[in-house]
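Asker: Would you mind keeping the following structure in view while I ask a few things?
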Amino acid sequence: MTPATRQEVLGLYRKVLQIAKNWQSASGQIEETVREREYIRNEARTLFRKNKNVTDPKLIKQCIEECEARIEIGLHYNIPYPRPIHLPPMGLAHKQGRTLRHQEKLRKISKPIYLKSHDEVS
């Protein structure tokens, strides 16, 4: 990891922790605000620790883009949790064969960048 990339990652981590510190829930209830702040801190710690040994520049760039996307979406919609995606069910494909593999490939490709690491951690 280059020093510039390291500084960018540390800056993102500080930004997430600052957002958690100043977070206000949409409902304005104190209990919910505390719960959401704790979620933001725990999610950041978990994901940053999970990716601390990543050395591939492309993978590092992808993680940085995911973090920035989650920050922007969280601030825009005022929810700290990842927004769900709505994909059609795979009930039309047979349990094996090319159609199933094709649908699985399409589902993987259509997954937004801000949910790439969420499913791995949760």
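Asker: Each residue of region 12-24 in order: what ³J(HN,Hα) in whole Hz does its phi give by Karplus 6.51 cos²θ - 1.76 cosθ + 1.60, θ = phi - 60°, with x for Gly and Pro?
Answerer: Using θ = phi - 60°, the values come out as 5, 4, 4, 4, 5, 5, 5, 4, 4, 5, 9, 5, 10 Hz.
Asker: What is the diffusion coefficient of region 3-84 in µm²/s, taking the Kirkwood radius over Cα pairs and the Stokes-Einstein relation at 20 °C with a viscosity of 1.002 mPa s?
Answerer: 160
Asker: List the residues whose amide H sits under 5 Å from the amide H of Ser25, counting only those 5 or more places along or on another chain, with H placed 1.01 Å from N in the peptide plane.
Answerer: Long-range HN contacts for Ser25: Thr33.
Asker: Which order do the peptides 45-54, 58-67 come out in when sorted by mean C-beta neighbours inside 10 angstrom, highest first? Could you put the intermediate results ahead of the total?
Answerer: Working: 45-54: 13.0, 58-67: 15.6.
Highest mean packing first, the order is 58-67, 45-54.
Every number in this text was worked out from the coordinates using simple rules, so none of it is lab data. Just so we're clear, the structure is a prediction, and the values are computed from it rather than from any experiment. Cβ atoms come from the backbone with ideal geometry, glycine included; neighbour counts cover every protein chain shown.
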